[in-house]
Amino acid sequence: QLRAAGISPDLPLTVLTRTLPEPWPKGISTDEAEQVWNELQAELAKLSQSSTHILVEDSGHFIQVDQPAVVIKAILQQVQDFRRKPR
């Protein structure tokens, strides 16, 4: 969807990726699903030349619950980067 929308390559982007495996539906290989998930997360981070990709240790899908300090830090960093950017 982001690619189709034609986002600017310099759009500030932070991708937070969980590191704890998630339960996948029966019949889906957890190892394969996790590999694809991680590849998609890396691909998402490549949508912008101004991106940061953070692997969040000890976190499942709900990073904001498992590691709220990481989320807060990422948001504050985005705000600081925006404020420093020349206009």
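With the checklist (1) modelled with pLDDT of 95 or more; (2) open to solvent by less than 60 Å² (accessible area, probe 1.4 Å) in hand, flag the one item residue 48 doesn't pass. With respect to (1) modelled with pLDDT of 95 or more; (2) open to solvent by less than 60 Å² (accessible area, probe 1.4 Å), residue 48 is out only on (1).
Scanning segment 27-44 for residues that are in a loop (DSSP other than H, G, I, E, B) and of a type in the set (A, V, I, L, M, F, W, C) turns up just one, 28. Of all residues in segment 45-87, exactly one satisfies the criterion of being touching a residue at least 60 places away in the same chain (Cβ under 8 Å), polar (S, T, N, Q) and either in a loop (DSSP other than H, G, I, E, B) or in contact with a Pro (Cβ under 8 Å, 6 or more places away or on another chain) (or both), namely 78.
The values are calculated or read from the model by the stated rules, or taken from the named source; none is laboratory data. Since the structure is predicted, the reported quantities are computational estimates derived from the model, not experimental observations. Neighbour counts are summed over all protein chains in view; Cβ atoms, including those assigned to glycine, are modelled from backbone coordinates with ideal geometry. Note: accessible area is taken over every heavy atom of the protein model, side chains too, but ligands, DNA and RNA are not part of it. Shrake-Rupley method; radii C 1.70, N 1.55, O 1.52, S 1.80 Å.
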